[in-house]
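The values are calculated or read from the model by the stated rules, or taken from the named source; none is laboratory data. Just so it is clear, the structure is predicted and the values come from calculations on it, not from any experiment. Cβ placement follows ideal geometry from the backbone for every residue including glycine, while neighbour counts extend to all protein chains displayed.
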Protein chains: 2
Amino acid sequence: MSTVAVEVKRIVNGVNVGDVEELVGAIQQNPQLASSRFRLTNKWINGGHNQSRISGFYSGGEDQQHLQEFVLEADEPPVLAGTDKGANPVEHLLNALAACLTTTLVYHAAVRGIEIRALEADVEGDIDLRGFLGLSNEVRRGFENIRVNFRVDTDAKNIELLKALSKLSPVFDTTQNGTNVGVSIARM
Amino acid sequence: MSTVAVEVKRIVNGVNVGDVEELVGAIQQNPQLASSRFRLTNKWINGGHNQSRISGFYSGGEDQQHLQEFVLEADEPPVLAGTDKGANPVEHLLNALAACLTTTLVYHAAVRGIEIRALEADVEGDIDLRGFLGLSNEVRRGFENIRVNFRVDTDAKNIELLKALSKLSPVFDTTQNGTNVGVSIARM
């Protein structure tokens, strides 16, 4: 008689739930594995155009490398004195928020066995440019409001739970509640 | 005798200062022109992979189109159960922050005639994944801290002013102080 080990991958919403459960188990054993540090370098090109490069991060107790380097372009549109070589910085922020809420919903649904068949979002944010331009102290520099409207193809009974799960999103928390940002500027 | 109109473009740091001054002048005449709305649509692809599309925005009292559509990919790395088809959402947030601070420094220096010859930033943010994973109520979901370290090639006398100008960045303000984010989820 022989024993045959059979690995059955449980994939929900395209997420390998076994991988997530393994990560959760490892962190429960050793909470320090949850301490992560994400990073990038940014280089100004010209005018409103600059470029970020992302290749490594720290997570799970060690330095990690992405499978590829990511290069992200930012610029301003011509009406804001740029050359439109990339989305502008506030659009990049909306992308970070949409992406994080989406991933949070998909992952947390997956580990609970909730099937999401499709998920889309419209995102918009209001900003008064007098803040950025230094023309008024009565309006803030950043977004006054951001709205994220999701449409999801899932069973009706899941909607309220998904609303609660969205609050686990790291970029939602950072954007909603703020975080300490230290900025230093030194000569090259 | 004839009069010849000569247009002299004043370009500082690659920014057409005349364009910025024209924008400022128009907004001072009619503050409503400063009200802007940026937007995107996001579509979940599979697992940790999703995609944002950015093509238009509202600014200067009318709908505007970018010169091209921007498509931004987000995913998670394999160690976080993804397929690494793009930077992850928290890395996208760091990119938005770096890009906005850089553009803010370059533009505000330009209108003050301050020459910036080169500008680079290292950005990193600390996050404890127990927040996202719902494993602890004692750690937050989002970034605990973000650090942005700039190196700039400019005259020494400009450094203190640049530090003050960085505070005008819309993404810095949003990230440091938070903003109201409304999330709705409806069935497709």
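Picking from residues in the stretch B:145-161 that are at the interface with another protein chain (Cβ under 7 Å from one of its Cβ atoms) and among the charged types (D, E, K, R), the one that is surrounded by the fewest Cβ atoms within 10 Å (Cβ to Cβ) is B:Asp153.
Among A:Leu93, A:Leu97, A:Leu72, which is the only one that is outside any helix (DSSP H, G or I) and either at positive phi or not small (Gly, Ala, Ser) (or both)? It is A:Leu72.
Please work out which residue is farthest from A:Val123 (Cα to Cα), limiting yourself to the stretch B:154-171 and to residues that are more than 21 Å from the chain's Cα centre (by Cα) and of a type in the set (A, V, I, L, M). This residue is B:Ala156. Residue count for the stretch A:144-186 under the criterion of being over 27 Å from B:Arg151 (Cα atoms) and touching a residue at least 24 places away in the same chain (Cβ under 8 Å): the result is 19. For A:Leu40, the stated conditions hold: it is crowded, with 16+ Cβ neighbours inside 10 Å and at the interface with another protein chain (Cβ under 7 Å from one of its Cβ atoms).
Name the residue that is farthest from the chain's Cα centre (by Cα), counting only residues in the stretch B:81-96 that are more than 7 Å from every other protein chain (Cβ to nearest Cβ) and not polar (S, T, N, Q). Per the stated criteria, the residue is B:Gly82.
Quick check on my filter: what residues within the stretch A:120-161 are assigned to a strand (DSSP E or B) and closer than 30 Å to B:Ala109 by Cα?
A:Glu124, A:Gly125, A:Asp126, A:Ile127, A:Asp128, A:Asn145, A:Ile146
Residues that are assigned to a helix (DSSP H, G or I), at the interface with chain A (Cβ under 7 Å from one of its Cβ atoms) and not basic (Lys, Arg) within the stretch B:162-188 comprise B:Leu162, B:Ser166, B:Pro170, B:Val171, B:Phe172, B:Asp173, B:Thr174, B:Thr175, B:Gln176, B:Asn177, listed in sequence order. Considering the conditions (1) among the charged types (D, E, K, R); (2) assigned to a loop (DSSP other than H, G, I, E, B); (3) touching a helix residue (DSSP H, G or I) at 6+ places or on another chain (Cβ under 9 Å), B:Arg39 is excluded by exactly one of them, (2). Given the options A:Ser59, A:Ser52, name the one that is closer than 14 Å to B:Gly86 by Cβ, among the hydroxyl-bearing types (Ser, Thr, Tyr) and modelled with pLDDT of 95 or more. Just a single option satisfies the conditions, and that option is A:Ser52. Taken together, A:Leu80, A:Leu105 contain a single residue that is buried (at least 23 other Cβ atoms within 10 Å of the Cβ) and of a type in the set (A, V, I, L, M), which is A:Leu105. For A:Ser55, the conditions (1) of a type in the set (Ser, Thr, Tyr); (2) more than 8 Å from chain B (Cβ to nearest Cβ); (3) in contact with a Lys or Arg (Cβ under 8 Å, 6 or more places away or on another chain) are fulfilled apart from (3). Inside the stretch A:100-119, can you point out the residues that are more than 7 Å from chain B (Cβ to nearest Cβ) and either without any contact (Cβ under 8 Å) to a residue 12 or more places away in the chain or not in a helix (DSSP H, G or I) (or both)? Answer for the stretch A:100-119, where residues must be more than 7 Å from chain B (Cβ to nearest Cβ) and either without any contact (Cβ under 8 Å) to a residue 12 or more places away in the chain or not in a helix (DSSP H, G or I) (or both): A:Arg112, A:Gly113, A:Ile114, A:Glu115, A:Ile116, A:Arg117. In the set (1) under 16 Å from the mean Cα position of the chain (by Cα); (2) loosely packed, with under 15 Cβ neighbours inside 10 Å, the condition left unmet by B:Thr174 is number (2).
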